[in-house]
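Quick notes on the structure that follows.
The values are calculated or read from the model by the stated rules, or taken from the named source; none is laboratory data. This is a predicted model, so every value here is computed, not measured. Here the Cβ positions follow ideal geometry from the backbone for every residue, glycine too, while neighbour counts run over all protein chains shown.
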Amino acid sequence: MSEITVTRRPHLADQVPALVSVIAPPALGALTPLLEPGLAALTAAATVCGSAAFATHYVGRIPASVLDATGIGDVLTAQRSTLLGSSLLTSMAVAPGVFLGPAYADGLLAGFLDPASVSGLVSAAWWTMWAGLTVRLRPALAARRVRISAPTPEAGPPGTPRPGGLYKIWADHISGEGGAHPGQHLVGVTDSGELWQGIIEAPQGKAVNVSAEAVGSAYRVPAACVTFADGHHPGEQYVTVRRTAPAELDPNTMEGMWARLVRPKVMPGTHLKDAQVDPATGGWVAWVVADDDVPAVPVPDRKLLVGALRSSMTLVDYQPHPSDPRRGKIRLMDKNPLEDGVPFPGPQALEPSKGGYIAIGRGVSGRVARLQMFDPVLGAQHIFIAGVTGSGKGGVVQIIALAAHLAGTAIIYADPKGSSNPDVEAMAAYAATGTDAIKSLRLAYALLQHRVAESARLGRKNFKATSDCPWGMVIVDETHMITDASTEEGKEAVFILDKIAALGRNLGMTLLIVNQAVNADKLGGSTALRTNVIQGGAMVMLRTDSAQSNLVTVDGFEGIDPGAIPAAWSAEDEPLVWSDDIPLNDPARTFGLGYVGSPGEPVQMMRSWILESAAPYIRHDAIIWPADWPGWDDRHDIAEVPVIGEAGYTPSNGPSWGGGGFAPSLDGGFTKPPAEPSADAAVLACFDDTGLEITKDDIRTLTGLNEKTLSNVLTALVKNGEIERVKNGVYRKNP
């Protein structure tokens, strides 16, 4: 059996109590007589109490919980006899000295110089006990070199060197004479089969400098299988040696592919963690984690990431962690589970959560793709949908509109194209298409003005939806067509949309922008509109121009290239030499494929529900309109009046609209009714017919107006000076 020499160094937790035990008796014995009488007496009492406490601990009468509370319970237990001995020696030196003075201290500490006297015998006995105490504490006081027997290789399973063999290899090739690092010994080895660990100890005064290459060469493993960790001091280091290469060195694993292909140039300073097979895709899923010396995971260019992984855009998904900048999730798929489509599961899937989130499709992880339509505390949340023709944005609009309709939202729809989504038009309380699309925005602006005034009048801080004051949603399809800044109507549209985007959230009005791109020049040049909608709400990005990725600054969209989303799921490679005899396949389109981001939701690759038509789910008998607004009766008149640029009209001096009680027609189509006298004209006609003064009740009987509308009209006419209130409930017309 071979032996090796190792250096044993005490731990600081053992060393400090041992030093105190050795130094305290002579030091306190010499100093106590020199103290003031009161302080000397207090010191003597403390030493006696300490002796009593250590005696109690020695006989096992102190609870383990009390010892553990000190943080060094194991040390106190291991040194209980020496602590008791030290406390008794200290009491012998201190307590009598308080009463007998320096003469006693001199006799006890130096009396051994006169061995024939009584004090000499006492002194010799006291120092003998102190010396024995010091010898017993030597292992806890200083490092020492000892010879140990190395376990034999037969101690463990055959086939690999066990601890005995590990020690011998180390001594022969590393720590022995002629080794790579003489004097740097291996101790404390534990072997778990796949790897073994130990402690490297360097000679005192030197630091451990054993290299991974030396260890790898000695044990015939790659240097990457050897890792080190700092010990308690420079002369100590922990070593771990794997017998098989880590996953990142195996090119057949996800970790190996990442380390070889992605880490060097695409995402430096990162590694994979918890890589595992993803049953949803048949591929791999893993955490991307920043290295210890890297503060955050870098934002990858998705196209470069896909190329490095030797895959395609539809088979790689990367999700930044929504709250931890040091992590992200990578998914490498054999087949995208969204390729076969995600059929619409039914209207029950569109029911908003308590937080106002609705599901619009499903992500590659199997988790539903959600966006927030409203927040119970903050109010309505705006939505931006970007995608070129054929990307599926019409289907997403239809799903969101259906969810809003079934949730009791009043929808105002503007479609300058004129035929974008007839089903959405059927759900709307008011819809205007083609060249009339601006009318919907004028009506939405008038509703916004009303709610601004009501909020100020009622001192309302946060919007609370009720049956009479519902959530509102303004949907603007193909927004670039209505925001042409070169026209007066385009300027008016930009002005209105800016106001709704800035003020609508607190007033319960969602603005849903649908456009082919998010460029400011496609929104009438309004960067404020884009910022308010995207930053303050949800973003759905389908296939569109690659340049759009730089304009979306929402967390989670970093590095996404919407232009790289293919138009089709799969297509045969273009042959090197073309021939008319080669048949062309018609691949399935990727409509509805994209990314969705919303507050509190991870951004992931998703596909919207496949819903050809929402018509079967529309409740024509439950179309909601903003009943809180008296001007709804006059919506068609309001829609005709430009907000800016006509007859000097501006938002501050426009007319006051009254009315109420309108119920939408059951067929969902809203055509302008035949022109009828306005409420103002009807009230003024009453004065012409009946004389100078008339009561409010008579006016109601003659006009048929409801109480709320009549009150608003009378208030407006008095304010304009056309009539005056003679007394409460009685009015007359001014000349």
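Just a few scattered comments:
So that you can scan it fast, the table gives a plain yes or no per residue for (1) in the same structural domain as Ser419 (by TED's automatic domain parsing); (2) farther than 15 Å from Tyr413 by Cα; (3) of a type outside the set (Lys, Arg); (4) buried (at least 24 other Cβ atoms within 10 Å of the Cβ):
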position	(1), (2), (3), (4)
Met473	yes, no, yes, yes
Lys491	yes, yes, no, no
Asn506	yes, yes, yes, no
Thr510	yes, no, yes, yes
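- Qualifying residue in segment 203-210 (condition: free of Cβ contacts under 8 Å to residues at least 60 places away in the same chain, out of contact with any helix residue (DSSP H, G or I) (no Cβ under 9 Å at 6 or more places or on another chain) and either under 27 Å from Lys273 (Cβ atoms) or β-branched (Val, Ile, Thr) (or both)): yes
- Checklist (1) under 16 Å from Tyr167 (Cβ atoms); (2) free of Cβ contacts under 8 Å to residues at least 40 places away in the same chain applied to Val241, failing item: (2)
- Candidates Gly193, Gly183, Gly188 - the one that is free of Cβ contacts under 8 Å to residues at least 24 places away in the same chain, in a loop (DSSP other than H, G, I, E, B) and not assigned by TED's automatic domain parsing to the domain that holds Gln319: Gly183
- When we screen Gly97, Gly85 for residues that are surrounded by 19 or more Cβ atoms within 10 Å (Cβ to Cβ), within 25 Å of Pro33 (Cα to Cα) and at pLDDT below 85, the only hit is Gly97.
- Restricting segment 420-460 to residues that are assigned to a loop (DSSP other than H, G, I, E, B) and in contact (Cβ under 8 Å) with a residue 24 or more places away in the chain, the residue that is farthest from Val396 (Cα to Cα): Ala429
- Residue in segment 223-242 that is acidic (Asp, Glu), modelled with pLDDT of 90 or more and more than 22 Å from His11 (Cα to Cα) present: no
- Residue satisfying all of: in segment 723-735; charged (D, E, K, R), in contact with a strand residue (DSSP E or B) (Cβ under 9 Å, 6 or more places away or on another chain) and exposed (fewer than 15 other Cβ atoms within 10 Å of the Cβ); nearest to Leu684 (Cα to Cα) among these: Arg732
- Being surrounded by 21 or more Cβ atoms within 10 Å (Cβ to Cβ) and over 22 Å from Val377 (Cβ atoms) holds for only one residue in Ala446, Ala453, and it is Ala446.
- Filtered residues of segment 203-248 (kept if more than 21 Å from Thr270 (Cα to Cα), small (Gly, Ala, Ser) and not in a helix (DSSP H, G or I)): Gly205, Ala207, Ser211, Gly231, Gly235
- Check on Ala380, buried (at least 21 other Cβ atoms within 10 Å of the Cβ), under 30 Å from the mean Cα position of the chain (by Cα), farther than 12 Å from Glu478 by Cα and at pLDDT below 95: yes
- Residue check, Glu36 over 18 Å from Trp126 (Cβ atoms), charged (D, E, K, R) and modelled with pLDDT of 85 or more: yes
- Residue list for segment 212-236, restricted to those being surrounded by 13 or more Cβ atoms within 10 Å (Cβ to Cβ), under 37 Å from the mean Cα position of the chain (by Cα) and not hydrophobic (A, V, I, L, M, F, W, C): Thr227, Gly231
- Annotation note: of Ala568, Ala564, Ala538, the sole residue that is surrounded by fewer than 16 Cβ atoms within 10 Å (Cβ to Cβ), at pLDDT 70 or above and of a type outside the set (Ser, Thr, Tyr) is Ala568.
- Taken together, Leu272, Leu261 contain a single residue that is assigned by TED's automatic domain parsing to the domain that holds Ser311, under 30 Å from Gln319 (Cα atoms) and part of a helix (DSSP H, G or I), which is Leu261.
- Pair list, Cβ < 6 Å and 6+ apart or interchain, from segment 591-614 residues that are touching a residue at least 24 places away in the same chain (Cβ under 8 Å) to residues that are among the hydroxyl-bearing types (Ser, Thr, Tyr): Gly592/Ser608; Val603/Tyr595
- With respect to the stated conditions, Val277 fails to be in a loop (DSSP other than H, G, I, E, B), out of contact with any helix residue (DSSP H, G or I) (no Cβ under 8 Å at 6 or more places or on another chain) and surrounded by fewer than 16 Cβ atoms within 10 Å (Cβ to Cβ).
- Some residue of segment 406-413 being crowded, with 18+ Cβ neighbours inside 10 Å, out of contact with any strand residue (DSSP E or B) (no Cβ under 9 Å at 6 or more places or on another chain) and touching a residue at least 24 places away in the same chain (Cβ under 8 Å): yes
- Here the condition is being crowded, with 16+ Cβ neighbours inside 10 Å, touching a Pro at 6+ places or on another chain (Cβ under 7 Å) and closer than 14 Å to Gly328 by Cα; of Val297, Val285, it holds for Val297 alone.
- Residue check, Lys393 within 16 Å of Ile475 (Cβ to Cβ), surrounded by fewer than 24 Cβ atoms within 10 Å (Cβ to Cβ) and among the charged types (D, E, K, R): no
- Filter result for Ala349 (over 27 Å from the mean Cα position of the chain (by Cα) and among the small types (Gly, Ala, Ser)): no
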